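Novice: Before we start, here is the structure in question, set down as structure tokens.
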Amino acid sequence: MAIINEMNITENILNIFSFIIGILGVILAIIFYYKGKKRKTPVYEISDFNIISDNLEKKVSDISITYKQKLIKTLTVSKVVIWNSGNSTIQNSDIPETNRFRIHSFSNCEIYDFDIISKDDKDCLLELQKIKDGIEIRFNYLEPQSGFIIKVIHSGINSTNLYVAGKIIGEKEIKRIFNLNRGKDKKELTEDKLNRIFILVMGLTGIFVVFGTETGLHWGWNALIFIISIIFVIAALAQIFETKIPKKLKSNFENK
């Protein structure tokens, strides 16, 4: 009898383990299907360093600052990093002539100057051109996980005064990726990784509790625990597979 009970327990554990692996397999299959699908996905991020703010005029009344003979009250240097986060090369012909990539400033912000400070592929023939309401960006091609960094000097206070527009034919508009790990040291990055692992373990534990033990709870509570656990697992995996700035551009982008 004891042997039969042990066999039943072992069988239940194996069933639960198989169920959890099955759920993870489905989630990972969806993620890898999306990542394996041919995508041309341009994204960008902006960092900023405010040099002069309008508070300076309030503190020092008898000082005036000019930039290229223009009187200015605020001055910010922003870095705009643009890269192809997809897995297929973006060709010049993929970009509609009427909606090319460009950096815009909002109406209360003036762009004073701009320059290319980094590009990881010299053969992409990157060119910048001043247009009426911003900076137009042209290149020959952009390979997966390849990109460039543009320095923009403007009258805004921070990076919210700038945005990037443009699209790929058959794809969505270029979108901003907020780099939440910017400026974090190795200790903080390690803590983030441990937090993701903790969230993943919590999610898997919740699934195990629902299907592997007799909770004695109403089926509605079990369903709620299961849903929350699945959300935890998906959230952890989403953070693990989140879009990140390519390493070959990251250091130049984050350095002041």
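Novice: So between Lys244 and Phe106, what do we pick up on full extension, going 0.36 nm a residue minus the alpha carbon distance?
Specialist: Values: separation 138, 0.36 × 138 = 49.68 nm, distance 2.64 nm.
Here the answer is 47.0 nm.
Novice: Quote the relative contact order of the stretch 42-176 in percent (integer), defining contacts as alpha-carbon pairs under 8 Å separated by 6+ residues.
Specialist: Working: 290 pairs, mean separation 48.6, N = 135.
About 36 percent, as a whole number.
Novice: Label-point separation (nm) for Lys172 and Gln69, each offset 7 Å from Cα along Cα-to-Cβ?
Specialist: Between Lys172 and Gln69, the simple spin-label model gives 4.6 nm.
Novice: Can you pull a Stokes-Einstein diffusion coefficient for the stretch 42-176 at 10 °C (1.306 mPa s), Rh from Kirkwood over Cα pairs, as a whole number of µm²/s?
Specialist: Estimated diffusion coefficient is 100 µm²/s.
Novice: When the chain is fully extended, how far beyond the present Cα-Cα distance does Met202 get from Lys151, taking 0.36 nm per residue of separation?
Specialist: 14.1 nm
Novice: Here is a follow-up. Within 9 Å, Cβ to Cβ, of Glu127, how many net charges do the neighbouring residues add up to if Lys/Arg are +1 and Asp/Glu are -1?
Specialist: Residues near Glu127 contribute 0 overall.
Novice: Strictly over 29 Å apart at the Cα level, which of Lys132/Lys244; Lys151/Lys172; Lys70/Lys167 would you flag in this model?
Specialist: Beyond 29 Å between Cα atoms: Lys132/Lys244; Lys70/Lys167.
Novice: Viscosity 1.567 mPa s, temperature 4 °C: give me the Stokes-Einstein translational D for the stretch 93-171 in µm²/s, with Rh taken as the Kirkwood radius over C-alpha pairs.
Specialist: Rounded to a whole number, D works out at 96 µm²/s.
Novice: With unit charges on the beta carbons (Lys and Arg positive, Asp and Glu negative) and the dipole taken about the Cα centre of the stretch 42-176, which residue among Ile63, Thr89, Phe49 sits farthest to the positive side?
Specialist: The residue sitting farthest along the positive end of the dipole is Ile63.
Here, each number is a calculation from the coordinates, and none is a lab measurement. Not measured: the values here are computed from a predicted model. Glycine also receives a Cβ, built like all others from the backbone with ideal geometry; neighbour counts cover every protein chain displayed.
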